[in-house]
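Peer 1: What follows is a single structure, and I will ask about it in a moment.
The values are calculated or read from the model by the stated rules, or taken from the named source; none is laboratory data. Note that the coordinates shown come from a computational prediction; the quantities given were computed from them, not determined experimentally. Here the Cβ is made from the backbone with ideal geometry for all residues, glycine too, and neighbour counts use every protein chain on show. The accessibility values were calculated without ligands, DNA or RNA, using every heavy atom of the protein model including side chains. Shrake-Rupley method; radii C 1.70, N 1.55, O 1.52, S 1.80 Å.
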Amino acid sequence: MKANGAAPLLTVSNLHKSFSRLEVLKGISLTMQEGEVVALIGASGSGKSTLLRCLNRLESPTSGTIHFRGAELFPANSQLDLNQARREIGMVFQRFNLFPHLTALENVTLAPRKVLGVSEEQAAQEGQEWLERVHLGAKADNYPAELSGGQQQRVAIARALALRPALLLFDEPTSALDPELVGEVLEVMRDLAQEGRTMLVATHEMSFAHDAASRVLFLDDGCVLEEGPPEQVLEAPRQERTKAFLARVLNH
């Protein structure tokens, strides 16, 4: 992580999001420094996915501010700022969202060619390197239907990395996987954390949050109820609600 004096990469202040009468985010504030790994934990419906979708503007917040690299992402100054931010904020979804008619390599190279203007030859070379980075170099020509869920998710991670984002968002990346496939995805994510990549990860995998995260945020009913180092939040939580959640998750 960079020195404490460095400006935050991401600053979120008093973020609210409502869907009609349902208020999902109720004043979320957080900052992230470059190189930090922050784990978002909390029950389903606590607002984790909505927060991530607001950060890369798949959803538009109701109020509050988001600053990314010092620029105002919400309310956005311009469409150009929003497009630039989307290139620099990668997203890995629960259910992979791969294009079924494209091979693994084609899924990874599509955005660099279309968004960054990288040549087909360079995109293919770099795409192969990204697939090898997630231990799938031999699967470049396979279609998603020919891959396991864990392999598909690793292709999705390679696809996000191919745009060289400054921040990677993970929305419950292992929740759609069979239990025996979870480990291979978490291994790749741990490697990325050790490389110093900046990652905001919504997860139910407490071992990953404990071992890989710099900080853990516990969300409850659209609010950050508790925040701190993994050892404090996961081993000695201060809030009764956090204790109850962890007791349920860890004994599951």
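Peer 1: Anything in the stretch 226-246 that is part of a helix (DSSP H, G or I) and out of contact with any helix residue (DSSP H, G or I) (no Cβ under 6 Å at 6 or more places or on another chain)? List them, or say none. Explain how you work it out, then say what you get.
Peer 2: Step one: of the stretch 226-246, the residues part of a helix (DSSP H, G or I) are 230-235, 240-246.
Hits for the stretch 226-246 are 231, 232, 233, 235, 240, 241, 242, 243, 244, 245, 246.
Peer 1: Residues in the stretch 177-185: is at least one under 17 Å from residue 130 (Cβ atoms) and not in a strand (DSSP E or B)?
Peer 2: The answer is yes; a qualifying residue exists.
Peer 1: Restricting to the stretch 196-225, name every residue that is open to solvent by 10 Å² or more (accessible area, probe 1.4 Å) and either among the aromatic types (Phe, Trp, Tyr) or outside any helix (DSSP H, G or I) (or both).
Peer 2: At the first step, the residues of the stretch 196-225 found to be open to solvent by 10 Å² or more (accessible area, probe 1.4 Å) are 196-197, 204-207, 210-215, 220-221, 223-225.
Residues satisfying the conditions are 196, 197, 204, 205, 213, 214, 215, 220, 221, 223, 224, 225.
Peer 1: I would also like to ask the following. Being open to solvent by 10 Å² or more (accessible area, probe 1.4 Å), assigned to a loop (DSSP other than H, G, I, E, B) and more than 17 Å from residue 223 (Cα to Cα), is that true of even one residue in the stretch 22-34?
Peer 2: So far as the stretch 22-34 goes, yes, one or more of its residues are open to solvent by 10 Å² or more (accessible area, probe 1.4 Å), assigned to a loop (DSSP other than H, G, I, E, B) and more than 17 Å from residue 223 (Cα to Cα).
Peer 1: Let me ask something else about it. Which helices (runs of 4 or more DSSP H) does the stretch 58-138 wholly contain that include 2 or more residues that are surrounded by fewer than 13 Cβ atoms within 10 Å (Cβ to Cβ), among the charged types (D, E, K, R) and modelled with pLDDT of 90 or more?
Peer 2: Counting at least 2 such residues, we get 120-133.
Peer 1: Run down 167, 192, 147 and say which single residue is within 21 Å of residue 108 (Cα to Cα), surrounded by 18 or more Cβ atoms within 10 Å (Cβ to Cβ) and over 13 Å from the mean Cα position of the chain (by Cα). It would help to see each step written out before you state the result.
Peer 2: Working: 167 fails: over 13 Å from the mean Cα position of the chain (by Cα); 192 fails: over 13 Å from the mean Cα position of the chain (by Cα).
None of the other options fit; the residue is 147.
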